[in-house]
Amino acid sequence: MNIPFQNKTSFLAALLLSSAALLSSCATSPEYSIKPSKKEVSRSSSYASPTAQFVPVAWSQLPGWQEDDLTAAWPAWQRSCQGLAKRNPSGLNWKPACAAANQVNSKDSESIRRYFERNMKVMEIRHQSGPSAGGVHGLVTGYYEPYLNGARQKGGIYQTPIHRYPDAWRKKKPSTLPARSELMSSGQLKGQEILWVDDPVAAAFMQVQGSGRVRMSDGSVIRLGFAGTNDQQFKSFAQWLLDRKEITRSTATMQGIQAWAKKNPQRVQEMLNANPRYVFFRELPITPDVNVGPIGSLGVSLTAERSIAVDTKALPLGAPVFLATTYPLSEKPLHRLMMAQDTGSAIIGAVRADFYWGTGDQAGEYAGRMKQQGRMWIFLPQ
């Protein structure tokens, strides 16, 4: 059975749950003046959400819509159509739009732009309720697929195990599962090792991301995907460090935690045990194209820098979403057509996205630092 990537929890998203208000006040906020035209206001969406408002706007009012290279987004939309043909929980009729996609020149950005404008309507996403009701700004975090170094056998630098879901639990799952610290010392996972890696902190981050690639000592590469958890609530490493004044809010990033771990190797396990949740993995087929990512909630491969995780209580899975935000730690605009192909337990709210940056160190650098404000528009079928 395919275990989708929706079970991952974005590191920055989970890390920042307790400080979302702080981010909302200090993150760079792109400002756009969106005034729906009379013609567009008269058209209503065929999709309703309990947590999001959808306000029709004209295509000309999308910031950066004319400049985006849509040829880069097209493969992601084709994958959305493949996923929607098999699984369409929102009930929207995507069939005509997906059928029309077969007539589009995938190498011509203008042809793709005309296709979306003719077959879909664009709606600005706003918060429906709560303190942000009617608001158009929300939090954009990032996630990625990390690379680790590993071996099939324990030895030398390879001392940290990556486990499959326990065989005993498959046969008869206990009513209460142990927290991470108890689980690791109980012996219950003996014999369940898939492989061993050289960095316990990197292994913990892979658990948070829910997927990863491992460079093996024999030169091969293995892809690992989510296979279950011990059913414990996730607790942030960063918040644990912040509570103890070990790091500051400015260093409460993936990179900041890695730096702390290098300075405090004797306390790494203490930090990791602060999170009672433990994630199990399974081996997955691997593609040499790093732009083709792990399987998301829609059941299709994620596309680097063109897939996002969203809250499906707010937005329909598989839909195109135009995102206007900024690059991490920057005011450089990031205006891009994305596909809502994944979910995450920390991705909650209408104007809320987790940006999939891809595979490897550079993707991790962006993902680990991304905590931007942004605006979102959804494309719905005519």
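For region 247-256, residues that are touching a Lys or Arg at 6+ places or on another chain (Cβ under 9 Å) and either on the phi > 0 side of the Ramachandran plot or surrounded by fewer than 18 Cβ atoms within 10 Å (Cβ to Cβ) (or both) total 1.
Checked against the criterion of being over 30 Å from residue 232 (Cα atoms), out of contact with any helix residue (DSSP H, G or I) (no Cβ under 9 Å at 6 or more places or on another chain) and touching a residue at least 12 places away in the same chain (Cβ under 8 Å), region 335-344 contains one or more residues that satisfy it. Taken as a whole, the condition of being surrounded by fewer than 19 Cβ atoms within 10 Å (Cβ to Cβ), in contact with a helix residue (DSSP H, G or I) (Cβ under 7 Å, 6 or more places away or on another chain), farther than 30 Å from residue 75 by Cβ and not assigned by TED's automatic domain parsing to the domain that holds residue 69 does not apply to residue 185. Criterion applied to 211, 132, 185, 181 was being out of contact with any Phe, Trp or Tyr (no Cβ under 9 Å at 6 or more places or on another chain), of a type in the set (Ser, Thr, Tyr) and closer than 30 Å to residue 325 by Cβ, and the one residue passing it is 132.
Every condition in (1) farther than 17 Å from residue 311 by Cα; (2) hydroxyl-bearing (Ser, Thr, Tyr); (3) assigned to a loop (DSSP other than H, G, I, E, B) holds for residue 60 except the one numbered (3). Scanning region 188-200 for residues that are crowded, with 19+ Cβ neighbours inside 10 Å, among the acidic types (Asp, Glu) and touching a Phe, Trp or Tyr at 6+ places or on another chain (Cβ under 6 Å) yields a count of 0. Could you tell me whether any residue of region 116-136 is of a type outside the set (A, V, I, L, M), free of Cβ contacts under 8 Å to residues at least 24 places away in the same chain, surrounded by 12 or more Cβ atoms within 10 Å (Cβ to Cβ) and in a helix (DSSP H, G or I)? Scanning region 116-136 turns up no residue that is of a type outside the set (A, V, I, L, M), free of Cβ contacts under 8 Å to residues at least 24 places away in the same chain, surrounded by 12 or more Cβ atoms within 10 Å (Cβ to Cβ) and in a helix (DSSP H, G or I). Taking region 208-234 as the range and being charged (D, E, K, R) and surrounded by 18 or more Cβ atoms within 10 Å (Cβ to Cβ) as the test, the residues that pass are 213, 223. Whenever a residue of region 170-181 is within 14 Å of residue 228 (Cα to Cα), its partners that are hydroxyl-bearing (Ser, Thr, Tyr) and part of a loop (DSSP other than H, G, I, E, B), lying with C-beta atoms within less than 6 angstrom and at least six residues away or across chains, give the pairs 180/278.
For beta carbons closer than 7 Å, sequence separation of 6+ or different chains, a first residue in region 302-317 that is in contact (Cβ under 8 Å) with a residue 60 or more places away in the chain and a second that is in a loop (DSSP other than H, G, I, E, B) and of a type in the set (Phe, Trp, Tyr), the qualifying pairs are 316/47. Could you check how many residues of region 169-185 are over 29 Å from the mean Cα position of the chain (by Cα) and under 27 Å from residue 149 (Cβ atoms)? Of the residues in that region, 1 qualify. Residue count for region 205-246 satisfying the condition of being of a type in the set (A, V, I, L, M), under 17 Å from residue 260 (Cβ atoms) and at pLDDT 95 or above: 2. Annotation note: of 168, 203, 259, the sole residue that is hydrophobic (A, V, I, L, M, F, W, C), touching a Ser or Thr at 6+ places or on another chain (Cβ under 8 Å) and surrounded by fewer than 16 Cβ atoms within 10 Å (Cβ to Cβ) is 259.
Test residue 295 against the criterion of being of a type outside the set (S, T, N, Q), within 17 Å of the chain's Cα centre (by Cα) and in the same structural domain as residue 350 (by TED's automatic domain parsing), and give yes or no. For residue 295, the condition - of a type outside the set (S, T, N, Q), within 17 Å of the chain's Cα centre (by Cα) and in the same structural domain as residue 350 (by TED's automatic domain parsing) - is not met.
Residues that are assigned to a loop (DSSP other than H, G, I, E, B), at pLDDT 95 or above and polar (S, T, N, Q) were ranked within region 63-92; the one that is farthest from residue 297 (Cα to Cα) is 66.
Looking across region 311-327, just one residue is outside any strand (DSSP E or B) and of a type in the set (Val, Ile, Thr), and that is 312.
The values are calculated or read from the model by the stated rules, or taken from the named source; none is laboratory data. Keep in mind the model is a prediction, meaning the values are calculated, not measured. Please note: Cβ atoms are built from the backbone with ideal geometry, for glycine as well, and neighbour counts cover all protein chains shown.
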